[in-house]
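The values are calculated or read from the model by the stated rules, or taken from the named source; none is laboratory data. Everything numeric in this text was worked out from a predicted model, so none of it was measured. Backbone-built Cβ (ideal geometry, glycine too); neighbour counts: all protein chains shown. For the accessible areas, the whole protein counts, side chains as well, though only heavy atoms, and no ligand, DNA or RNA atoms are used. Shrake-Rupley method; radii C 1.70, N 1.55, O 1.52, S 1.80 Å.
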Amino acid sequence: MTKTQYEVINMKQNSFPSLNALRVFEAVARLGSFKAAAVELGVTQSAISRQMTTLEEQLGIRLIQRDNRVHALTPAGDALAPELSRVFRQIERLVKRTMKNGEHARRTLTLGISSELLRWWLGPVLSEFNQLYPHLELHCVQVPEYLSRQNEGALTHELLHGELDALLTFSAPAQKAISNWKLASTNLILVRPESLPEPNAETLHSCKFVAVNTNKDWDRWVREYDTKIPPEQTQLVNNTSMAVELAQFTDRLMLLPDCYQRAAQHSGLVPVPGFDLTGKQGLHLSVRRESQREMAIVALVNWMRHVAEAQKPPSRS
C-alpha cells in the first residue's frame, strides 16, 4: 500500500488535541529533539514521547519521523510547526498584556494640589480615600493654590500632557480640552490674631493687612467695604500659608477662605464679624476631558465632591 505525502494513522473520533500536547510538539519541532523539549518544559523525555504519540493519534497523522533516533518533521509536521509557534507567541503576548493590565489596575493618580489645600482641607480625610479605593494611589504634587495668568499655561500643559491627572485649585482653567467641577463656593472671612483688638468700620483703615497677591477677591473686598487702606499698610505674599504666619506673628488682618477653618483654629485667628465677602473663584477640580469617564477619575471626582459637601462650613449669620 502506497503511503501518501501525509502519512495517516488511525484517528480517535471526537478527540481534539490538548493545548499541552500541541505545546510539546511546538517545542520538539523548534528545538529539534525530545531531550531539549523536555528540559525546556520541565518534564521527562518519556513524558514528551507519550504526548507526541497521543497527539499523532488524535490528529490521525504522523508529525515526526522516528528513524534511527533522528526526529525529523514529516511534511505535515513541517506545515503545522511554524503556525503553532506563531500562535503560542501570540498567546504569550496576550498573557503578558493581561498581567500588565492587572498591575495597572492599581492605578496611581497624580493630583496637583497646594500645600495649603492639602494641609487644611484634603489631608485630614485622605485615609478615607485609601480605605474606599485600596487599588488607587493618590500621588500629590505641589502646585499654586490660586490659578492665575502667570501659572495657568503651565498647569494646563501639565494636565493635557498627562503629567497631572487632576488639578485642585481656586478658579479653573479656561480650556475646552479640560473638564472642571466646582466643588465649593468660597466665602472670604476677615480674621485677626486673638491678641489684636477687634476693629470696626471706623478703625479698619488704620489696621495692617496681609493678602495673597493671586487672590483676585482681595481687591473686591477693598472696594466692597470702601476701607481706604493705604497701600503701605498691606503686605502682599504668594500663598495663604505665609499670610497666616504673618497675620499671627505681626498682628495683621487677613482674608481667609472659609474652607481653611483649620488654619484659623490652629493659628489662633478669630473672625471679625461684619466683613465677609462671597468669593468669585471657588474651589475647582480639573481633569482632561478625554479621561473624565475613566473609572479611576470618576471615583476621584465623586469622592472629592463628597469631601466638599461634608466639609461645607456652617452658614454665618
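For this structure, a couple of remarks:
- In percent, rounded to a whole number, the relative contact order of the chain is 18, using alpha-carbon pairs under 8 Å and six or more apart.
- Here the 3J(HN,Hα) profile of the stretch 117-131, calculated from phi with Karplus coefficients 6.51, -1.76 and 1.60 at θ = phi - 60°, is 5, 5, 6, 9, 10, 8, x, x, 10, 4, 4, 5, 4, 5, 6 Hz, Gly and Pro shown as x.
- Taking the Cα centre of the stretch 208-281 as origin and assigning +1 to Lys and Arg Cβ atoms and -1 to Asp and Glu Cβ atoms, the resulting dipole is close to 80 debye.
- Calculated [θ] (222 nm, deg cm²/dmol) that DSSP helices of n ≥ 4 give over the chain, each run adding -39,500 (n - 2.57): -12500 deg cm²/dmol
- Cut-off under 5 Å, modelled amide H: who pairs with I178 long-range: R289
- Mean-position separation - Cα centroids, the stretch 224-278 and the stretch 103-177, in angstrom: 26
- Taking amide H as placed 1.01 Å from N in the peptide plane, the amide H of N187 sits under 5 Å from that of D258, C259, G279, each at least 5 places away or on another chain.
- Distance between the pseudo-spin-label points of N238 and V43 (7 Å out from Cα toward the beta carbon): 6.7 nm.
- Given [x] 54, 46, 41; [y] 121, 33, 31; [z] 82, 51, 36, the label whose value is Cα extents along the principal axes in Å derived from this model: [y]
- Relative packing of peptides 244-256, 286-298 - highest average C-beta neighbours within 10 Å first: 244-256, 286-298
- Here's the picture: charge each Lys and Arg Cβ at +1 and each Asp and Glu Cβ at -1 in the chain, and of G60, L117, Y146 the one pushed furthest to the positive end of that dipole is G60.
- Multiplying the residue separation of D226 and A310 by 0.36 nm and subtracting their alpha-carbon distance yields 26.8 nm.
- Rough spin-label spacing in nm, given labels placed 7 Å along Cα→Cβ, for R89 and T203: 8.5
- Dipole check for the stretch 272-317: with +1 at the C-beta of Lys and Arg, -1 at the C-beta of Asp and Glu, and the Cα centre as origin, the magnitude is about 80 Debye.
- A 1.4 Å probe run over the protein chains yields, for the chain, 57 Å² of accessible area per residue, whole-number rounding.
- Interchain or long-range residues, amide H under 5 Å from R107's placed H: E137
- For the stretch 264-274, 3J(HN,Hα) per residue [Karplus equation, 6.51 cos²θ - 1.76 cosθ + 1.60, θ = phi - 60°, Hz, x = Gly/Pro]: 5, 4, 6, 10, x, 9, 10, x, 9, x, x
- Pairs from the list K182/K228; K176/K280; K208/K280; K182/K208; K176/K228 with a Cα-Cα gap above 28 Å: K182/K228; K182/K208; K176/K228.
- In order through the stretch 26-32: 3J(HN,Hα) via Karplus (6.51 cos²θ - 1.76 cosθ + 1.60), integer Hz, x for Gly, Pro: 4, 5, 4, 5, 6, 8, x
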